[in-house]
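Take a look at the structure set out below.
Every number in this text was worked out from the coordinates using simple rules, so none of it is lab data. The model shown is predicted, which means the values in this text are computed figures rather than measured ones. Cβ sites come from the backbone with ideal geometry, for glycine too, and all protein chains shown count toward neighbours.
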Amino acid sequence: MTLAEVRSLGSARPLRTAQEFEDFEQELVDQFALAQVGAGVTDGVVGSYRSVVFEFVRSMSRPVWTTRPEDVDRFLADQRKRGRAASTVYSKAGTLAAFFDFLVVRYQGDIHALTGHVLEQPVDEFNRPSKPAYIAARIPPSQDEVETLFTAWRDSLPDARKFLPAARDYMAASLWRRAGLRITESLMLDIRDWRPDLGEHGKVHVRFGKGSRGRGHKPRLVPAINEVDALLEWWLTDVRHQFGPDWADPDAPLLPSERHDRDTGLCTRVGDDALRSGLAGAVSRWLPSWTGRLTPHGLRHYCASSLYMRGMDLKAIQEILGHEWLSTTTRYIHVHANHVEHAWEKANQRVASRLGQ
């Protein structure tokens, strides 16, 4: 990605012509993009930030430093009228808020010296949209429903019309259910990423974890608890070698496609569409009440909830899921209505036990 060469904004200079005002506006946007690059944000995300800022600038009939809250009000309202998704409107509002925070912190003095305007943050508590995730929570199935689905799915594998893709889809879904992996994280795993030599149960090296705020990949080591170690042993011992001769290659995909590369004859990596279709087919067959509702991310929520209900603390679940903020992890925890009563009873039992001792 290339950015326009920018001039220093550290020294005040008069702006006289329309071209000078336009160039100054361009410089502000480029400086914002350069700051994001310096923070480690990927080129693709930087490009999307610039696109949103320029879209907002085009909606204005005045320079960007004259923006008022009502300008943002109109822009966001127009986004909704155009049928943009709630998540898209929320994301664009966040980008504009970050852009104006940047201008206020770094260049408010320069803007005032050059233009006479005092810049303020136009995205405030009144026009900033609520995060869609708070409105539409992904409530996972119950433990009995998940057990029903995966037990029937596992028992059907020997009789599957195409055993290998069926076993692979079951393996991937089991990683979402038991280890809380994202679908992209699981399909990008290589054979070398299973490290049975680390820890008591072994660990899965997730090299393509999701980074926050577009800052590239965030790797992590996920302990192979919750029967993940047995699952991987079954996969690598009984199934993976049937896909092709690359089963001993540490750089080969852990979850391969049944298709092979024309040049090398080796397995290609499975795509997310195939894994989603595998889960959707299994749900439709063995848990029909959840048809069209249970997704890979829903199983990630189920993993977090089930680990919490079994007594794992939130900090440990946060590390397993790869969340940067504990508050994000709490939104993944869905407990039964009687959870408070059970927690109260357990707390009283612990107190009674201590008094008895």
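Placing +1 on the Cβ of every Lys and Arg and -1 on the Cβ of every Asp and Glu, with nothing else charged, gives the chain a dipole about its Cα centre of roughly 640 debye. Against the chain, whose longest principal axis comes from its Cα atoms, helix 18-38 is set at around 30 degrees. Using a Gaussian network model of the chain in which every pair of alpha carbons under 10 angstrom is joined by a spring, one finds that among Pro63, Pro256, Pro296 the greatest mean-square fluctuation is at Pro63.
Shape of segment 260-341 from the C-alpha gyration tensor: oblate (a/c of 1.5 or more and a/b not above b/c, with a ≥ b ≥ c the square roots of its eigenvalues).
Determine, for the chain, the count of lysine pairs separated by eight or more sequence positions (or lying on different chains) whose alpha-carbon distance falls under 17 Å. Working shown, then result.
On the way: Lys81/Lys92; Lys92/Lys131; Lys203/Lys218; Lys210/Lys218.
Step by step, the pairs that qualify in the chain add up to 4.
Each Lys and Arg contributes +1 and each Asp and Glu -1, all at the Cβ; summed about the Cα centre of segment 49-141, the dipole is approximately 500 debye. A full extension of the chain between Asp73 and Arg207 corresponds to an added length of 44.2 nm, given 0.36 nm per residue minus the alpha carbon distance.
For the chain, the longest principal axis of the Cα atoms and the long axis of helix 43-59 meet at an angle of about 40 degrees. Using only Cα atoms, what Kirkwood radius does the chain have, in angstroms? Kirkwood radius, the chain: 24.1 Å. Of the peptides 113-120, 301-308, 202-209, 48-55, the ranking by mean beta-carbon count within 10 Å, highest at the top, reads 301-308, 202-209, 48-55, 113-120. Seen against the Cα atoms of the chain and their longest principal axis, helix 339-356 is set at about 70 degrees. Applying 1/(1 + (r/R0)^6) with R0 = 22 Å to the Cβ-Cβ distance of Arg285 and Trp234 gives a FRET efficiency near 0.50. Placing pseudo-labels 7 Å out from each Cα toward the beta carbon at Ile333 and His297 gives an inter-label distance of 2.1 nm.
Using +1 on the beta carbon of Lys and Arg, -1 on that of Asp and Glu, and nothing else charged, what's the dipole of segment 143-343 about the Cα centre, debye to 20? Mind showing how you got there, number by number?
Working: 27 positive and 27 negative charges, 152 e Å.
Charge dipole of segment 143-343: 720 debye, to the nearest 20.
Between Ser59 and Glu147, take the C-beta separation as r, use R0 = 45 Å, and let me know the FRET efficiency to the nearest 0.05. Intermediate results must be reported in sequence, preceding the final value.
Details: r = 52 Å, r/R0 = 1.16.
E between Ser59 and Glu147, to the nearest 0.05, is 0.30.
Positive end of the dipole of segment 18-135 (Cβ unit charges, origin at the Cα centre): among Val29, Ala18, Ser91, the Cα lying farthest that way belongs to Ser91. Dipole of the chain computed with +1 at Lys/Arg Cβ and -1 at Asp/Glu Cβ about the Cα centre; of Tyr302, His241, Ile191, farthest Cα towards the positive end is Tyr302. Projecting the Cα positions of Val53, Asn127, Leu232 onto the charge dipole of the chain (unit charges on Cβ atoms of Lys, Arg, Asp and Glu, taken about the Cα centre) puts Asn127 furthest along the positive direction. What the phi angles of segment 315-326 give under the Karplus curve with 6.51, -1.76 and 1.60, with θ = phi - 60°, is a coupling list of 5, 5, 5, 4, 5, 5, 6, x, 7, 6, 10, 5 Hz, glycine and proline written as x.
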